[in-house]
1. Return P(r) of the range 207-332 (all Cα-Cα pairs; 5 Å bins starting at 0; whole %; ordered from short to long distances).
2. At 37 °C and 0.692 mPa s, what whole-number value in µm²/s does Stokes-Einstein give for the translational diffusion of the chain, with Rh from the Kirkwood sum over Cα pairs?
3. With θ set to phi - 60°, apply the Karplus curve 6.51 cos²θ - 1.76 cosθ + 1.60 along the range 47-55 and write out the HN-Hα couplings as whole Hz, x wherever there is a Gly or Pro.
4. 5 Å is the cut-off here: which amide hydrogens, built 1.01 Å from N in the peptide plane, fall below it relative to Gly413, excluding neighbours closer than 5 in sequence?
5. Can you list the residues, at least 5 places off or on another chain, whose amide H is less than 5 Å from the amide H of Asp203, using H built in the peptide plane?
6. Looking at the range 265-334, which GluC sites (Glu not before Pro) are DSSP coil and have at most 15 other C-beta atoms within 10 Å of their C-beta?
7. By the scheme Lys and Arg +1, Asp and Glu -1, what is the net charge of all other residues having a beta-carbon under 9 Å from that of Gln201?
8. From the helices alone, meaning DSSP H stretches of at least four residues, give me the mean residue ellipticity at 222 nm for the chain, per-run term -39500 (n - 2.57), in deg cm²/dmol to the nearest 500.
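The values are calculated or read from the model by the stated rules, or taken from the named source; none is laboratory data. Remember, it's a predicted structure, so these values are computed and weren't measured experimentally. A quick note on method: Cβ atoms are made from the backbone with ideal geometry, for glycine too, and the neighbour counts reach across all protein chains shown. Heads up: the accessible areas ignore ligands, DNA and RNA and are worked out on the full protein's heavy atoms, side chains in. Shrake-Rupley method; radii C 1.70, N 1.55, O 1.52, S 1.80 Å.
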Amino acid sequence: MADDVATSSSIRTNFDNNGGDAASFITNLSHDHLFSILLLLPLDSILSFAMTCKKTTRLTHSHTLWKSICTRDWGHSTVDALLTSSSSSSLDWKRLYQRLRNLDRVSCFNLTDPDAQGPTPRASHSLNFFSGCLVLFGGGSEGGRHLDDTWIAYVGNGFRRMMNWQRVISDGPSGRFGHSCVVIGDCLVLFGGINDSGIRQNDTWIAQVAIDETNSSSRLSWRLLDVGPVAPPTRGAHACCSIDNQRMLIHGGIGLSGMRLGDTWVLHLSENLCFGTWHETVTHPVPSPRSGHTLTYIGGSRTVLFGGRGMGYEVLNDVWYLDSSEDRLGWVPVVFELRNIPGGLSLPRVGHSATLILGGRVVIYGGEDSYRHRKNDFWLLDIGSKRTWRRLKSEGYEGRSRSFHRACADESGCNLYVFGGMVDGILHPAEPAGLRFDGELFVVELVL
């Protein structure tokens, strides 16, 4: 930060010493060289430079500069996805960046077709956006039964108002719920879970999908991954994500005898995807043992952990991030200033979803508190320099409050898909609770 301030100060000093005319040393640079310098600065420094004079103001309104800033901060793949999904030939990158920075609302649309065949109601399943498709596997259903079915819905570029699910028949993992599944490259990697006999798993599976767009058919092939003699202990209801699209990270969960775990493991895949190697990461300090929490990779070297249920059955509200900038991974607690936490904030939750969106922030949706009160609220978590929580307003379709649903974002990071979960149902006689499983699919669109 000190270097950034010094750079901005040096620019202003040299500009003033040259009388502020157009021939001054800084504004006499070519646009390409000037843009290269600006792209080394944080946004606040770029905006400060823009206020130096009329010429720098014009320069920093450049479409090319703002597209480069978006690419720098969001990544090439995200910018390409935005261009592909945009209805116009060009985007106002500065306006899009500013609107995303001030994001305060989302808009929801129900994609469920009541007349079409689709996945049955369930919770604790997996849902991934993969190769332009939604891929759903397993989960738990009424009566505590596990499911072993796989469903695919082709999305393509941008979301559709109605989705057509296709069941895929393939030899894959046995039925389970509370497992994890992530996208790594052009593969899905699945780990662990619990079956309806209460048996915990620690097997690792890998899958690839082939889409035939001419007849909207899909094929998914699963195979058990050889991970050698070392693997994490059996578990379910753990948290998981992929790191830098190369490694699988898991933390915590429910192990043998219902014990909540607090260990951290990383899976490294071989280049030919024929085998993998698990390594446990042991550091201090670490998040306390828990289940039903979330891990979200936000880019660079940071992965965010939030919430869950602790060993005393308490519901947690702490935030950590895993720093992978060094060879040895390390956990870092995130501390928020009171002024950055809105009044009336009800943070503690378990069974929520935490999804990376455009801009490197995380949308927290749903979950339940210590009293099993389910939620349908949206929160924006930013662990950048300001470290803030912000509640997002929701427009359009209002789904039921839910927990242990699943959510994933498309390649643009602007559309989040949510399916299933446990919801509050109608209480019937002789039933201990009005618990129901949900089978709705809806999309959450960022209002930009």
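1. 2, 10, 18, 19, 18, 13, 9, 6, 3, 1, 0
2. 140
3. With the stated coefficients, the range 47-55 comes to 5, 5, 4, 4, 8, 5, 6, 5, 5 Hz.
4. none
5. Under 5 Å from the amide H of Asp203 lie the amide H atoms of Gly192, each far enough along the sequence or on another chain.
6. Sites meeting the loop and neighbour criteria: Glu271, Glu314, Glu326.
7. Cβ neighbours under 9 Å give a net charge of +2.
8. Helix-only estimate at 222 nm: -4500 deg cm²/dmol.
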